[in-house]
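The values are calculated or read from the model by the stated rules, or taken from the named source; none is laboratory data. In this text the structure is predicted, and so the values were computed from the model without any measurement. As a convention, Cβ positions derive from the backbone with ideal geometry for all residues, glycine included, and neighbour counts pool all protein chains shown. What goes into the accessible areas is simple: the full protein's heavy atoms, side chains included, and nothing from ligands, DNA or RNA. Shrake-Rupley method; radii C 1.70, N 1.55, O 1.52, S 1.80 Å.
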Amino acid sequence: MKLVFAGTPEVAVPALDALIASGRHEVAAVVTRPDAPAGRGRRLVASPVAERALEAGIEVLKPAKPRDEDFLARLREIGPDCCPVVAYGALLPKVALDVPAHGWVNLHFSLLPAWRGAAPVQHAVMAGDEITGASTFLIEQGLDSGPVYGTVTEEVRPTDTSGDLLTRLAFAGSGLLLATMDGIEDGSLKAVPQPADGVTLAPKITVEDAQVDWAAPALRVDRVVRSCTPAPGAWTVFRGERLKIIQAAQVPDRTDLAPGELSAAKNNVYVGTGSHAVELLWVQPQGKKPMRGADWARGVRIAPDERLGGGDVG
């Protein structure tokens, strides 16, 4: 089939690579979000998908909105049979959905109908799911509600961050998306409507959602830290400044610390929760680079009555 691939971040690149390497389908163009400011200089930078497409000599389309007439005209001119999508980042209007004969097929990183929305992997980790996966489905006007072509499953490991899990799903999902394109092309694959039961929503995780509640059980604290890594980053307050918690570990045999209470030893620093303590393995103070928790504790010289959490961020 002739394809127009839509995607933006790094997580979409493995799927684009799989389609380019297939030899069976032609990736005629790529649709991605416009260049965005990045880095300290805030200069405009092309998306990872745009960069990969340019390396491969593929036309790149960057509409401000996918309903822009110039974009729609070019899409009709290309005449794709199907448009595979991975984390494109913009809502597609019906006028665009109607262009390819086989529609727009999204690779979504959950087992639909679970975790429909922008942050399925983060919500799966935060909820403590043991199994998740990826699904390909035909995009409709509803939120991730279209009929499903296929799925792959993936175990959520006890120490997985959202970044770890998303990386594995990106590669497993790339094979699923290619197989879906093959099945649509040869007529062997039909989309099946999603069940009405089991629908859960996965809205974007905000910075406010990522604040650690030390009164919660250690299991909850661990899930918040892992689900918000690498973005938006779990955090707490210490001496009026934000302290990012990059990696923590539960310590079931430490039950002597009150929520937020700190205990520093030579090579470890612990903090109390609503159940047992957690060890702060890696943290990032405001305006500084990531560092080991014990190194941070030595540097700030924690007073006996100091705690994490509470108070305003300066």
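Taking the stretch 18-40, which residues are more than 15 Å from residue 180 (Cα to Cα) and charged (D, E, K, R)?
33, 35, 40
Sort through 252, 304 and tell me the only one that's exposed (fewer than 15 other Cβ atoms within 10 Å of the Cβ), more than 25 Å from the chain's Cα centre (by Cα) and under 30 Å from residue 114 (Cβ atoms).
From the options 252, 304, the qualifying one is 252.
Every residue, every condition in (1) within 23 Å of residue 10 (Cβ to Cβ); (2) out of contact with any strand residue (DSSP E or B) (no Cβ under 8 Å at 6 or more places or on another chain), yes or no:
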| position | (1), (2) |
| --- | --- |
| 49 | yes, no |
| 81 | no, no |
| 92 | yes, no |
| 95 | no, yes |
| 102 | no, no |
| 122 | yes, yes |
| 132 | yes, no |
| 145 | no, no |
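How about the stretch 209-306: which strands (runs of 3 or more DSSP E) wholly inside it have at least 1 residues that are of a type in the set (Ser, Thr, Tyr)?
234-238, 262-264, 269-271
State whether the residues of the stretch 188-210 include one that is surrounded by fewer than 22 Cβ atoms within 10 Å (Cβ to Cβ), closer than 21 Å to residue 118 by Cα, polar (S, T, N, Q) and touching a residue at least 40 places away in the same chain (Cβ under 8 Å).
Within the stretch 188-210, one or more residues are surrounded by fewer than 22 Cβ atoms within 10 Å (Cβ to Cβ), closer than 21 Å to residue 118 by Cα, polar (S, T, N, Q) and touching a residue at least 40 places away in the same chain (Cβ under 8 Å).
Considering only the stretch 167-177, I want to know if a residue exists there that is touching a residue at least 60 places away in the same chain (Cβ under 8 Å), open to solvent by 30 Å² or more (accessible area, probe 1.4 Å) and either in contact with a strand residue (DSSP E or B) (Cβ under 8 Å, 6 or more places away or on another chain) or of a type in the set (Ser, Thr, Tyr) (or both).
yes
Looking only at the stretch 130-151, count how many residues are surrounded by 21 or more Cβ atoms within 10 Å (Cβ to Cβ) and over 22 Å from residue 184 (Cβ atoms).
Adding up the residues that qualify gives 1.
Does residue 244 qualify as being touching a Phe, Trp or Tyr at 6+ places or on another chain (Cβ under 7 Å), modelled with pLDDT of 95 or more, open to solvent by 60 Å² or more (accessible area, probe 1.4 Å) and of a type in the set (D, E, K, R)?
For residue 244, the condition - touching a Phe, Trp or Tyr at 6+ places or on another chain (Cβ under 7 Å), modelled with pLDDT of 95 or more, open to solvent by 60 Å² or more (accessible area, probe 1.4 Å) and of a type in the set (D, E, K, R) - is met.
Output the residues belonging to the stretch 211-225 that are open to solvent by 40 Å² or more (accessible area, probe 1.4 Å) and small (Gly, Ala, Ser).
215
Table: residues versus (1) over 24 Å from residue 144 (Cα atoms); (2) touching a strand residue (DSSP E or B) at 6+ places or on another chain (Cβ under 9 Å).
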site: 196; (1), (2): no, no
site: 203; (1), (2): no, no
site: 210; (1), (2): yes, yes
site: 214; (1), (2): yes, yes
site: 223; (1), (2): yes, no
site: 235; (1), (2): yes, yes
site: 244; (1), (2): yes, yes
site: 247; (1), (2): yes, yes
site: 252; (1), (2): yes, yes
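Restricting to the stretch 25-59, name every residue that is part of a strand (DSSP E or B), touching a residue at least 24 places away in the same chain (Cβ under 8 Å) and open to solvent by less than 50 Å² (accessible area, probe 1.4 Å).
27, 28, 29, 30, 31 - these are the residues of the stretch 25-59 that are part of a strand (DSSP E or B), touching a residue at least 24 places away in the same chain (Cβ under 8 Å) and open to solvent by less than 50 Å² (accessible area, probe 1.4 Å).
Residue check: is residue 85 open to solvent by less than 50 Å² (accessible area, probe 1.4 Å), in contact with a Phe, Trp or Tyr (Cβ under 9 Å, 6 or more places away or on another chain) and touching a residue at least 24 places away in the same chain (Cβ under 8 Å)?
Answer is yes for this residue.
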